[in-house]
Amino acid sequence: MQPTTIYFVRHGEVLDRKSIVYARLPRFRLSERGLKEAEITAQFLKRERIGVIYSSPMLRARQTAQIIGSYHPDAPLHRSTYLNEIKTGYQGVTRAEMQKIDWDFYGKPLSADDETREQILARLQQQLRLTLRRHAGQKVVWVAHGDLVIIFTLWGRGQPLTELQQFKGANYIGHASVTKFVFDAAHTLPISVEYFDPPKEASPHS
C-alpha cells in the first residue's frame, strides 16, 4: 500500500484589530495578507493529488482550507472538531499581557477547563486514526492552528511536548506553513516529518 501523507497547514494571518488572544472567539477572519498567504500555500500544494481536506471549525482555518480546496475540486472539504483551536481561559486577553508570561498557556492555566498539551495531542490522534482508517494511501490536508501543528510535530519526532514553549515568539511556525507527515502501513509514528514555509513575498499568481 502507498504511504498516507498528511499536509498539516497553519491558517493564514488573521485580522486582529484588538491584538488579543482570539482562540475560539467567532468571526476572526483572514487579513488581506492572510488571504495572499493561503493562496501561495494553495499554489505550493496544487500539484499534489489531494484526496480530502479537513479543517478546524474556526473561520480563519475554513477560509484557508477553501482556498486550498479551489485547486482540488474533487477533494471533499470537512470540518473537524478534533482540529479546533485550543480551549483556554486566556481567550480575549491582550497580546501584551500574554508576552508577560511568554505565551505559556499550559504552564500557567487560568481555568480548570483549559486544555493541556496532552489533551490536544489526544484529539489530534483521534483525527489521525480517522484519517488513516478512511483515507489510507491518500494525500490529505489538515488545516488548523499553530500550537496544534507544533504539538503534533513534537509527537511525530518523539520529542517532549513541553518543548512547545521553545517555539513561542520568533521561533513560531509561519502563517500558512505546511508540515508534511508520512505514515506507512504500521501507523505508529510518522516515517518522516518535513516543514515547509512557502515564501510569502512571492506573488500569489506566480
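The values are calculated or read from the model by the stated rules, or taken from the named source; none is laboratory data. In this text the structure is predicted, and so the values were computed from the model without any measurement. Backbone-built Cβ (ideal geometry, glycine too); neighbour counts: all protein chains shown. Side chains are part of the model used for accessible areas, which takes the heavy atoms of the whole protein and leaves out ligands, DNA and RNA. Shrake-Rupley method; radii C 1.70, N 1.55, O 1.52, S 1.80 Å.
Does ALA23 satisfy being within 15 Å of the chain's Cα centre (by Cα) and open to solvent by less than 50 Å² (accessible area, probe 1.4 Å)?
Here the answer is yes, as ALA23 does meet what is asked.
Every residue in the stretch 35-61 that is without any contact (Cβ under 8 Å) to a residue 60 or more places away in the chain and out of contact with any Pro (no Cβ under 9 Å at 6 or more places or on another chain), please.
LYS46, ARG47, PRO57, ARG60
Identify, from the list THR188, THR179, THR116, THR131, the residue that is open to solvent by 50 Å² or more (accessible area, probe 1.4 Å) and modelled with pLDDT of 95 or more.
Answer to the check: THR116.
Looking at LYS180, LYS200, which one is under 23 Å from GLY34 (Cα atoms), charged (D, E, K, R) and in contact with a helix residue (DSSP H, G or I) (Cβ under 9 Å, 6 or more places away or on another chain)?
Of the residues listed, the single one that is under 23 Å from GLY34 (Cα atoms), charged (D, E, K, R) and in contact with a helix residue (DSSP H, G or I) (Cβ under 9 Å, 6 or more places away or on another chain) is LYS200.
Residue under question is THR81, and the condition is that it be open to solvent by less than 10 Å² (accessible area, probe 1.4 Å) and either under 26 Å from GLN165 (Cβ atoms) or at pLDDT below 95 (or both); does it hold?
In short, no.
Any residue that is at negative phi, small (Gly, Ala, Ser), part of a strand (DSSP E or B) and open to solvent by less than 40 Å² (accessible area, probe 1.4 Å) - is there at least one of those in the stretch 146-156?
Looking for residues that are at negative phi, small (Gly, Ala, Ser), part of a strand (DSSP E or B) and open to solvent by less than 40 Å² (accessible area, probe 1.4 Å), one finds none in the stretch 146-156, hence no.
Name the strands (runs of 3 or more DSSP E) wholly within the stretch 1-107 that hold at least 2 residues that are among the small types (Gly, Ala, Ser)?
Passing ranges, in order: 50-55.
What pairs come up if the first residue lies in the stretch 117-141 and is in a helix (DSSP H, G or I), the second is modelled with pLDDT of 95 or more and open to solvent by 20 Å² or more (accessible area, probe 1.4 Å), and their beta carbons are under 6 Å apart, counting only those six or more places apart or on different chains?
ARG117/TYR106; ARG117/LEU161; LEU121/TRP155; ARG123/TYR82; GLN126/TYR82; GLN127/TYR82
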